[in-house]
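Below is one structure, written out as structure tokens; comments come after it.
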Amino acid sequence: PDYISSNHLIDPISSNIDIRNQSRHLIEKCAEFANHLEQYSGQHVPIVGSFSECTIGKADFYRDISTFISEIYTTYKVKIMPQFLPRLAWYFGGSVKLNVFCSLSDIDFFKQLPFGICLDTAHCIMAANYENQDPANWISALLPISKHIHIADAKGVDGEGVPFGLGDLDITSIPLGNSEVRAVVEQWEGHLHDYKGFKEGLRVISMLK
């Protein structure tokens, strides 16, 4: 979840004790559920999280997030992978400019994370476009430290959720079939009408590849 309440984003390293405790409690519940799913699936179930609240220096922020991820793994044996974020994120019905997990300038910090990141291709496209840079180059740079991938298309700096093939995603840059990296197709409302959106997304992806 991105939210812990109607007016606060999740932030397990917040200086506000209530926000920190609520955030950690919610993540611990997610970790318990991940363990429950793992028993049924026989597969490791990671947690993908959006950690966008940074009220301290970046070095301290990434250090504290890394420490928290390690603590959760020690207790629950569940891996948390922060996802790459867009530069402009939609929170509480409005656009918020982020400054963490949204730029290649922080890649050395990403490399210090215990279990890498989740590469969300749509978020990456929008972040790269915000900097007037080539999204394909950003994706290539992030792939070596990405242990989980959300495959989605995007256009411009805020055009998330466009159908595959209509955005800026070069699907040939994604290592589909890599057994060490789980790739999940994210199609906006793809679950509706007997998974029509997911089926169409997979069809387009197979054609583009």
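Test of understanding: what is the full-extension gain from His25 to Ser140, defined as 0.36 nm times their sequence separation minus their Cα-Cα distance? Write out the running numbers ahead of the final one.
On the way: separation 115, 0.36 × 115 = 41.40 nm, distance 3.49 nm.
Residue separation times 0.36 nm, minus the Cα-Cα distance, leaves 37.9 nm.
Please list 45-57, 181-193 highest first by mean number of surrounding beta-carbon atoms within 10 Å per residue. Walk me through the numbers before you get to the answer.
Details: 45-57: 17.8, 181-193: 14.8.
Sorting 45-57, 181-193 by mean packing, highest first, produces 45-57, 181-193.
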Among Asn16, Asn129, Asn35, whose mean-square fluctuation peaks in a Gaussian network model of the chain (Cα, cutoff 10 Å)? Asn16
Working out 0.36 nm times the residue gap between Lys111 and Tyr195, then minus their Cα-Cα distance, what length gain in nm do you get to one decimal? 26.7 nm
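Just flag the trypsin sites (Lys or Arg not before Pro) in region 1-80 sitting in loop per DSSP whose Cβ has no more than 16 other Cβ atoms within 10 Å. Mind showing how you got there, number by number?
On the way: sites: Arg20, Arg24, Lys29, Lys58, Arg63, Lys77, Lys79; in loops: Lys77, Lys79.
Hits after loop and neighbour filter: Lys77.
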The alpha-carbon center of region 105-139 and that of region 159-174 are separated, in whole Å, by 15
How many nm is it between the label spots at Ala59 and Arg203, if each spot is 7 Å from the Cα in line with the beta carbon? 5.4
Contact order relative to length for the chain, counting C-alpha pairs under 8 Å separated by 6 or more residues, stands in percent at 13
Placed amide H near Tyr3: partners under 5 Å, 5+ positions off or other chain: Ile10
For Gln39 and Asp158, calculate 0.36 nm times their separation in residues minus their Cα-Cα distance, and state this gained length in nm to one decimal. 39.0 nm
For region 180-193, Karplus-derived ³J(HN,Hα) couplings (6.51, -1.76, 1.60; θ = phi - 60°; whole Hz; x for glycine and proline) come out as 8, 10, 7, 10, 10, 6, 10, 10, 4, 6, x, 7, 6, 6
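Roughly speaking, to the nearest percent, how much of the chain's 1.4 Å accessible area is carbon and sulfur? Before the final figure, lay out each step's value.
Details: 5660 of 10900 Å².
The value for the chain is 52 percent carbon and sulfur by accessible area.
Taking only protein heavy atoms into account and a 1.4 Å probe, give the accessible area per residue of the chain in Å². Provide the component values of the computation, followed by the final result.
Details: 10900 Å² over 209 residues.
Heavy-atom SASA per residue in the chain reads 52 Å².
Quick one: work out the % antiparallel among DSSP beta bridges in the chain, nearest 5.
Details: 8 of 20 bridges.
Roughly 40 percent of the DSSP beta bridges within the chain come out antiparallel.
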Among the listed pairs Lys97/Lys196; Lys58/Lys147; Lys155/Lys199; Lys77/Lys147; Lys79/Lys199, those beyond 25 Å (Cα-Cα): Lys97/Lys196; Lys79/Lys199
Could you derive backbone 3J(HN,Hα) for region 54-62 from the dihedral phi with the Karplus parameters 6.51, -1.76 and 1.60 (θ = phi - 60°), listing whole Hz in sequence and x where the residue is Gly or Pro? 10, 10, 10, x, 4, 4, 5, 4, 5
Model label zone, Val48; criterion: amide N under 13 Å from point 7 Å along Cα-to-beta-carbon; scope region 116-144: 117-124
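The values are calculated or read from the model by the stated rules, or taken from the named source; none is laboratory data. None of these values were measured; they are calculated from a predicted model. Positions of Cβ are backbone-derived with ideal geometry, glycine not excepted, and every protein chain shown enters the neighbour counts. Ligands, DNA and RNA are stripped out before the accessible areas are found, and what is left, the full protein with its side chains, is counted by its heavy atoms. Shrake-Rupley method; radii C 1.70, N 1.55, O 1.52, S 1.80 Å.
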